[in-house]
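Each remark here refers to the structure printed beneath this line.
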Amino acid sequence: MRDFITSQFGVSVVLAFIVINVLLGAVSYCIYFERKISAWIQDRCGPNRVGPWGLLQPIADGIKFLVKEDVVPNHVDKPLFIFAPAAIFLVAFIGFAAIPWGGQLELDGRLVNIQVANPDIGLLYILGVGSMSVYGAVLGGWASNNKYSLYGAIRATAQMLSYDIPMGLCILVVVLTMGTLRLEEITLQQTGYWAGWIPQWNIFLHPLAFAILFITALAESNRTPFDLAEAEQELVGGFHTEYSALKFGMFFLAEYAHMITASAFIAVLFLGGWHLPGVSWTQPQATQWYAVLAKIVVLSTKIIFFLFVMMWIRWTLPRFRFDQLMRLAWKGLIPITLALFVLAAALLFFDRQRSPLWALSGNLVILVVALITASSSRLRVTGRQVNLPTIAPATDFVRLGRVEMPL
């Protein structure tokens, strides 16, 4: 039994059990913290009745979802209607497997990875799992047999497919820079220092790729200002309009699970993962149990920071129109990430892929060109812009004489 626990397989099994349970608790309390952050921004108290400081509010919400009547309308496709929330929930909770949580731990004289799985294609695994979340939204909207749900499903499909492209290109920039698809190896390569004190984090090489990857993570998680798939002012509730009780709650739990996984993924790719400059416990050679705990705390702190920023953005920025959302992807992010990919390939060709001076100079040139292009494009269309109504989908128009009216 001891040999099993101290083996890599045993550590992976125990870690998977711990991470799943921690994630289940974390996504519940993400709702609590989002409500608190929104209250802080709007200068009010937020949840403060159930338990001290309202800390038991997520438990009360969970009990409410469990005891509410689970309504399944007669007009829905019942098998797919039930399968959709289960599918999106399952996909959200398997992406964490490739995340390196705490480096290596020494057990009985051998080193084991604090990682559920360490595949050679860890990057592709997370990218593929994240892309599968669109199936839950599409199936939920289609099976609901409701036009608003179907509009939400179509929007979710177009949005996720569009923002998958710049996300993949940002990841390719990291792959060209690091030369590997293994997340643990990417973390290890960021533990060095430039000039003896600047950490070799990828954010200092490709800050534009970091910013765009964060934006695409918001879009992939259907977070404001990219929550067009469930815009309540236009689509009632989008693809989950017909859902209630626990199935309705599973969509929200999946959203926060995606946020946590995306935050961990970004922290590993661009912020060194569990590495913290100047702290000896977070260096690769530290393999004691307390060093592993310190590394887990460091990565968790970075995840919490990204979650806070995502929640802050939700309660600060207004929602895009759908045409603006698609224009941002196809005319903004995709050309910029293509340029970043070409830059990373050129730096690799000239063996300068780890040179901050060359990489930052290239990023600055791309940013300046993008800003000049965006400004000139805006000047060309000034006075010719047409604002379409945003209450109804842009496809729902009938012609009455010379006037187009939304249905």
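The values are calculated or read from the model by the stated rules, or taken from the named source; none is laboratory data. In this text, all values refer to a predicted model and were calculated from it rather than measured experimentally. So basically every Cβ, Gly included, is an ideal-geometry build from the backbone, and we count neighbours across all protein chains shown.
Annotation: M167 fulfils all but one of (1) more than 29 Å from E232 (Cα to Cα); (2) aliphatic (A, V, I, L, M); (3) crowded, with 22+ Cβ neighbours inside 10 Å; the unmet one is (1).
Of the residues making up region 37-53, those that are out of contact with any Lys or Arg (no Cβ under 8 Å at 6 or more places or on another chain), closer than 20 Å to W312 by Cβ and assigned to a loop (DSSP other than H, G, I, E, B) are Q42, D43, R44, C45. With respect to (1) of a type in the set (S, T, Y); (2) closer than 27 Å to N74 by Cβ; (3) outside any loop (DSSP other than H, G, I, E, B), the lone exception for Y243 is condition (3). Checked against the criterion of being touching a Leu at 6+ places or on another chain (Cβ under 8 Å) and more than 21 Å from V309 (Cα to Cα), region 40-57 has at least one qualifying residue.
Could you tell me whether any residue of region 299-306 is modelled with pLDDT under 90 and in contact with a Pro (Cβ under 9 Å, 6 or more places away or on another chain)? No, because not a single residue in region 299-306 is modelled with pLDDT under 90 and in contact with a Pro (Cβ under 9 Å, 6 or more places away or on another chain). Taking the criterion of being outside any loop (DSSP other than H, G, I, E, B) and buried (at least 24 other Cβ atoms within 10 Å of the Cβ), the residues of region 134-152 that qualify are G136, A137, G140, G141, S149, Y151, G152. Residues of region 153-189 that are within 18 Å of T261 (Cα to Cα) and either of a type in the set (D, E, K, R) or not in a helix (DSSP H, G or I) (or both): D164, L181, R182, E184.
Scanning region 109-129 for residues that are of a type in the set (G, A, S) and farther than 18 Å from G273 by Cβ returns G109, G128. Across region 339-352, which residue is farthest from A195 (Cα to Cα) among those that are surrounded by 15 or more Cβ atoms within 10 Å (Cβ to Cβ) and within 26 Å of the chain's Cα centre (by Cα)? Of everything passing the filter in region 339-352, A339 is farthest from A195 (Cα to Cα).
Just one residue in the set L107, L111 is touching a strand residue (DSSP E or B) at 6+ places or on another chain (Cβ under 9 Å) and either aromatic (F, W, Y) or surrounded by fewer than 18 Cβ atoms within 10 Å (Cβ to Cβ) (or both); that residue is L111. Here G278 passes the criteria (1) of a type in the set (G, A, S); (2) closer than 30 Å to A60 by Cα; (3) free of Cβ contacts under 8 Å to residues at least 24 places away in the same chain except the one numbered (2). Restricting attention to region 307-325, the residues being aliphatic (A, V, I, L, M) and modelled with pLDDT under 90 number 2. Filtered by the rule that a residue be part of a loop (DSSP other than H, G, I, E, B), of a type outside the set (A, V, I, L, M, F, W, C), touching a residue at least 12 places away in the same chain (Cβ under 8 Å) and within 14 Å of W289 (Cα to Cα), region 84-120 gives G102, G103, D108. Scanning region 219-230 for residues that are within 14 Å of D323 (Cα to Cα) and not in a helix (DSSP H, G or I) returns P225, F226, D227. Do we have any residue at all in region 321-330 that's basic (K, R), in a helix (DSSP H, G or I) and buried (at least 17 other Cβ atoms within 10 Å of the Cβ)? No, region 321-330 has no match at all. The listed residues are G130, G122, G141, G103, and the only one of them that is at pLDDT 85 or above and either more than 30 Å from V236 (Cα to Cα) or of a type outside the set (A, V, I, L, M) (or both) turns out to be G103.
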